[in-house]
Amino acid sequence: MPRYDIVLLHGPSVYDFRKKPAVHGPISDVIPPSPYFEMYPIGLISISEHLVRAGFEVRIVNLAMKMLKSKSFDVEKFIKKLDARMFGIPLHWLPHVNGALALSEIIKKHHPKTPIVMGGFSSSFFHEEMIREFPSVDFVMRGDSTEKPMVELMEAVACEKRDFSHIPNLTWRGGNGEPVVNPLQYRPPDLNDVFTNYEHAIRQTVRHMDFTGYQPFQNWKKYPITAVFTCRGCIHNCRTCGGGAHYFAETMGRKRPTFKDPKLVANDMKVAEKFLNAPIFIIGDVLQHGEEYARELLAEIKRLKIKNEVVIEFFDPPKRELLEAIADAIPKFNIEISPESHDEEVRYAFGRPFGNEAMEKFIADAIELGCRRLDLFFMTGLPKQTAQNVLETVKYCEMLLDRHGHKKVLHPFISPLAPFVDPGSSVWQDPDRYGYKLLFTRLKDLREALNSPSWKYFLNYETEWMTRDEIVYVTYEAGMKLNEIKARHGLLPSHNAELVSKRNQKAVSVMREIDEAMAIADPAEKARRLAQITPSIRDIDQSTVCDKKELDWPTGFIKVNLHRVVPIVLSELVRRVFSPPKAKDMGGKC
């Protein structure tokens with residue numbers, strides 16, 4: 001009997017990142033993980049919980065974290081020792097295409113008869129290409145809610161069935177080697193059966209005695225941010241977003257978002273608060289389902305007396321009345337919004353239809369009502385955006401800080417649309433219409449691009465208004481200028497700003513050297529020159545357009561509520577002794 005029914009393995013964005021240093025650029029400066037995207041999708045936790053609830057033995061292993069933690073960690077040796085009925089690999093965000101596919105090939109090398117399933121947004125889009133062109137992938141589970149279909153697939157694999165035609169949302173390899181595409185039938189009308197259960201994650205960590213394997217990202221111990229979902233899907237259609245209305249309609253077969261009961265969302269928050277004194281991020285604009293939904297959620301949060309820092313995202317500036325309700329319900333509220341550009345024409349072209357007047361009023365109201373932190377995210381690589389336009393965005397940020405920065409609540413950021421336009425987005429489907437040129441779109445080409453020596457060569461697009469060269473270098477320039485402005489306004493210590501500036505300058509210098517090397521026609525000479533540059537690629541992949549610590553919302557001094565965690569740890573240790581991990585005995589259930 002195998003030890004596990006399924007092991008869910010998450011790899012880094014670039015599998016060989018420890019052997020092939022590259023300038024990955026500021027693509028992760030404004031998100032929690034490192035440039036190697038070690039953060040696994042939160043959906044793995046809900047899939048794991050559903051499978052465990054069905055009696056299966058499940059383990060999550062964040063291999064990217066293990067690789068980051070130890071240069072000597074042997075991935076192949078670790079995988080070879082795993083004993084499972086099936087392996088699962090998320091290819092949710094496209095930047096993981098290199099690591100995810102490499103991982104599937106390594107697993108198949110050591111476990112040739114064990115099936116491998118992949119899933120996530122990018123997998124759902126590329127499902128047929130994945131089955132047709134990558135023999136290491138046996139199944140692709142499509143859709144935004146795959147918890148129950150995954151239980152059905154696990155049951156079929158455990159029973160050693162060969163016909164998978166009854167499993168909804170599944171794409172699989174038929175007898176002739178061609179993909180068989182089952183109907184995308186499982187689209188639950190709500191998310192009330194899906195829980196962001198942090199107690200489950202704690203129990204599984206202890207059961208498998210593997211903290212690193214379950215750790216979400218590199219700095220999570222110092223900054224244990226948690227998240228809860230209000231919905232899957234989106235009513236908006238930002239042009240390059242692979243999670244927008246266009247993607248969900250065309251790829252997921254979902255014409256409108258599906259939501260979770262606000263009482264259950266608040267309950268998920270209470271469970272997170274029970275174990276951690278850390279920020280709780282509410283994912284999904286609470287106004288997407290209407291103001292009544294938002295107010296019901298806020299009323300429930302108030303009733304449960306949630307005291308943690310809470311982060312709310314908005315896709316449009318909310319009215320003052322709703323901000324007043326937030327201030328009344330949440331003692332420590334924080335907000336983030338992504339206007340993308342200061343230029344209303346650019347913003348509208350991208351799919352964010354609101355003006356500066358509404359946004360500036362919202363900023364003033366939020367600060368006046370006690371918002372503890374308000375993050376504004378701007379981006380480079382947008383339709384109708386020129387290099388000069390990007391620098392004007394920085395000037396707009398300075399104006400906002402001059403006007404609203406005295407309380408040090410407002411924090412503007414700027415980062416690139418990188419490394420890829422999202423598959424299934426409006427731009428991906430019709431680049432000419434939006435002024436984009438996509439340089440490569442096949443999985444094998446996207447995978448290979450991530451082996452390039454710098455992020456300029458990762459970019460799979462340019463626009464009518466900016467070349468790849470301009471997108472890269474104006475991003476660094478804008479980041480440098482905004483860093484100086486924030487330092488003057490006291491948003492970060494001068495020595496931190498100085499470190500960012502030095503990394504920025506070094507990154508630009510190394511990028512220029514790489515460009516010169518890449519222009520060499522002779523392959524051997526090009527390789528020699530790139531090898532000479534490699535030692536210079538250090539400490540220039542993070543905090544080059546902003547100090548990454550700027551992203552951190554406040555946390556409690558004691559981050560873990562040990563009096564609540566310890567009893568769970570002890571009970572799971574006892575269970576591990578008397579019932580060690582072992583795959584489910586299907587008995588006569590097959």
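The values are calculated or read from the model by the stated rules, or taken from the named source; none is laboratory data. Worth saying up front: this structure is predicted, and the values here are computed from it rather than measured. No Cβ is skipped: glycine too gets one built from the backbone with ideal geometry, and neighbour counts run over all protein chains shown.
The table that follows gives values for the structure above.
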| read-out | value |
| --- | --- |
| The range 345-364, residues that are more than 15 Å from Phe314 (Cβ to Cβ) and β-branched (Val, Ile, Thr) | Val346 |
| Which numbered condition Arg512 fails, given (1) over 30 Å from Thr475 (Cβ atoms); (2) at pLDDT 90 or above | (1) |
| Residue check for Asp316: over 22 Å from Pro554 (Cβ atoms) and either within 25 Å of the chain's Cα centre (by Cα) or among the small types (Gly, Ala, Ser) (or both) | yes |
| Which listed residue, of Arg187, Arg162, is in a loop (DSSP other than H, G, I, E, B), farther than 24 Å from Asp422 by Cα and among the basic types (Lys, Arg) | Arg162 |
| Any chance Lys559 is buried (at least 17 other Cβ atoms within 10 Å of the Cβ) and closer than 29 Å to Asp29 by Cα | no |
